Amino acid sequence: LSRPTVSKFFQDPASVRVKTRNTIEQALKTTGFRPNIFAVNLNRRRTKIIGLIVPAPMDPFYVALGRRIEISAIEAGYLALVLSSNGQPDLEERAIETIAPLGNTSHRAKLKALGRNIPLVYIDSPLDQSEPFVGTNNFQSMPLITEYLCRSGERPTYFDVPGINHNSIERREAYAETMKRLGLEPVY
């Protein structure tokens, strides 16, 4: 069989004659061959891969986020590739050619350059005001949470998290500002 015929089969098995399809399927069973999705998609110049780099692989937020993205990607016919930078710019940079993370020490110029070539969406921590971003406004949400907790009883204590991106700093600042505005001493 010709390469284009086999390629056509892999794109849509119903697009080839029944006899040809049976021949290909039998050869697949005999050899155990399975096409490599990475090679196929790279050859087509569309990877069908969604990349995600998380700064903290054990953080429950990033675990849940990665899993949800993976499920959604699979449902849409994509493969999700999840890597961790552990908040380290060197690890982040090694993966930056395919997927882009963001932390306090991210190489912003490289992320900007990458964004000119492939679509990037920043999750939880935006690069700047001009990039696509999904997340929370910490100076809006933290006061609402803090005020609610203050009305509900005991003064809230802020449990700090490692400063792997600017969100941790913003959340702490928003908590402290809200407590001071309410005439209360922030508790860390």
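The values are calculated or read from the model by the stated rules, or taken from the named source; none is laboratory data. Since we're looking at a predicted model, the values are computed, not measured. We place every Cβ from the backbone using ideal geometry, glycine too, and count neighbours over all the protein chains shown. Protein only, heavy atoms only, side chains kept; ligands, DNA and RNA dropped before computing areas. Shrake-Rupley method; radii C 1.70, N 1.55, O 1.52, S 1.80 Å.
I'd like to compare 137-149, 16-28: which one has the highest average count of other Cβ atoms within 10 Å, and what's the full order after that?
The densest-packed peptide leads the list: 137-149, 16-28.
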Students often forget the sequence filter, so: which lysines lie under 20 Å Cα-Cα from Lys19 once same-chain residues fewer than 8 apart are removed? Lys8, Lys29
On a 1.4 Å probe surface of the protein chains, which of Tyr175, Tyr78, Tyr188 comes out largest in accessible area, and what is the full order? Tyr188, Tyr78, Tyr175
Rounded FRET efficiency, nearest 0.05, which uses the C-beta distance separating Lys110 from Phe159 and R0 of 30 Å: 0.40
